[in-house]
Amino acid sequence: MKKRPTKCKAAFMYGPEDLRIEDLELPPLQPNQVLIKLKACGICGSDVECYEGKSAEGRYDIAPYVPGHEWAGQVAEIGSAVTSVKEGNKVVGDCVLPCNNCANCKDGKMPSACLNMRELGFRPDSPGGWGEYMILEEQYTHAIPDDWDYELGAWVETFNVGYWGVWGNGCSPDASDDIAIIGAGPIGMCAAMVCATSGANVIAIDPLEKRRQNILHYGANQVVDPTAGNVEEKLKELTNGRGPSVVIECSGNDIGIASLFDIAGHSARVGVVGHSIGRKVPVEIGKTIWKTLRLSGSGGTNKWFPRTIRFMSRIKDKYDFAALNSHHFDFFDLDKAMDLACHHKDIARKVMLTFKD
């Protein structure tokens, strides 16, 4: 029997453009914990922004942390009280980790309201998937089907965000809706696939030609280049003068966020998904009143992973998820992976880290 490791190699984010692969201690498991051997982990746009010093989400202000929240791995060991997963299972896990015991959690609020909130892959107390192993509590760990490969599993967290951004935020599309998705990156593509299952007309907005062409294969019916003219007028042309009845903001970009108030049709349901924490974004908030907009945002998702796994199981053969991974790097080539993710965003759909057995 293979000896259980007491430490492993992991990447620590010390600050902007300061990422170091060092030893991570692996203490004995608590009864409710799971030891996971990482197999695949994506590099998210939020990881890139933390690395570039453009986002306050990553908490290297209090200590270095291990990034990586888009991961999949195999259970290597379980604590004595763990019952829902077993050794050998393929697993994925939540990113925003509520305690489920504080006053806000017991009041049914979102995970971001937790008075003891942790965020996996963004804080020193919650090491993420940019390492050979990780330890996570059972309540945040979810088994995926045996016939899934690990790279598909690493897409669950991303898809979970896009899925929740549409349905968890109450945008609730059906075939009568015209939906504008701002941002055709990974989250935008996942939101488009979710919206497409409702039969709605899905319009994606992105300044990058490659992204616009990609999303046409992942749920979008039409695409708009926001640099090519008046986006509001173009969307009215595509929606019989009404404007979108649903808007999903997935870019986290200042221009994209500001544009949602202009392009939304009257009484539109708006899901704000793209992260912009740590900076102020000038918007014409008065249009919320005069257009009777319904804006919803959310920090984390609330018990949504099992639904996401079932949803993906039912559409995974319709869409080519493997093709979304534009580049693959061994974990120990992380410097090369980050260089590509940071400096070649036009071609890096998803940069995927892989781990040797």
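The values are calculated or read from the model by the stated rules, or taken from the named source; none is laboratory data. None of the values given here were measured: they were computed from a predicted structure. Because the Cβ atoms are built from the backbone with ideal geometry, glycine has one as well, and the counts that use them run over all protein chains shown. In case anyone asks, the SASA skips ligands and DNA or RNA and just uses the protein heavy atoms, side chains included. Shrake-Rupley method; radii C 1.70, N 1.55, O 1.52, S 1.80 Å.
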Where a residue in the stretch 299-318 is at pLDDT below 95 and its partner, wherever it lies, is outside any helix (DSSP H, G or I), with Cβ under 7 Å and at least six apart: G299/V96; G299/M110; G300/C95; G300/V96; G300/M110; N302/M110
Residue that is most open to solvent (accessible area, probe 1.4 Å) [pool: residues in the stretch 99-118 that are free of Cβ contacts under 8 Å to residues at least 40 places away in the same chain and of a type in the set (G, A, S)]: A103
Per-region count, the stretch 38-82, residues more than 26 Å from C190 (Cα to Cα) and in contact (Cβ under 8 Å) with a residue 40 or more places away in the chain: 14
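Enumerate the strands (runs of 3 or more DSSP E) found wholly within the stretch 1-82, keeping only those where 2 or more residues are crowded, with 20+ Cβ neighbours inside 10 Å and touching a Phe, Trp or Tyr at 6+ places or on another chain (Cβ under 6 Å). Don't jump to the end; show me each part of the working.
Details: elements: 7-15, 18-25, 33-43, 70-78.
Once the strands (runs of 3 or more DSSP E) in the stretch 1-82 are filtered for at least 2 residues that are crowded, with 20+ Cβ neighbours inside 10 Å and touching a Phe, Trp or Tyr at 6+ places or on another chain (Cβ under 6 Å), what remains is 7-15, 33-43.
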Selection count where residues are under 15 Å from the mean Cα position of the chain (by Cα) and modelled with pLDDT of 95 or more, scope the stretch 252-272: 2
Single residue of the stretch 173-185 satisfying the filter (at pLDDT 95 or above and small (G, A, S)) that is farthest from the chain's Cα centre (by Cα): S176
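Tell me, which strands (runs of 3 or more DSSP E) wholly within the stretch 119-224 include 1 or more residues that are open to solvent by 20 Å² or more (accessible area, probe 1.4 Å), without any contact (Cβ under 8 Å) to a residue 24 or more places away in the chain and of a type outside the set (S, T, Y)? Step through it out loud before you land on a result.
Working: elements: 133-137, 141-143, 178-182, 201-205, 222-224.
Qualifying strands (runs of 3 or more DSSP E): 222-224.
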Counted residues, the stretch 75-104 - those being farther than 20 Å from R307 by Cα and either at pLDDT below 95 or touching a Cys at 6+ places or on another chain (Cβ under 8 Å) (or both): 3
Within the stretch 140-166, considering residues that are in contact with a strand residue (DSSP E or B) (Cβ under 9 Å, 6 or more places away or on another chain) and acidic (D, E), the one nearest to K39 (Cα to Cα): E151
Residue count, the stretch 95-115 (criterion: under 16 Å from W164 (Cβ atoms), in a loop (DSSP other than H, G, I, E, B) and touching a helix residue (DSSP H, G or I) at 6+ places or on another chain (Cβ under 7 Å)): 2
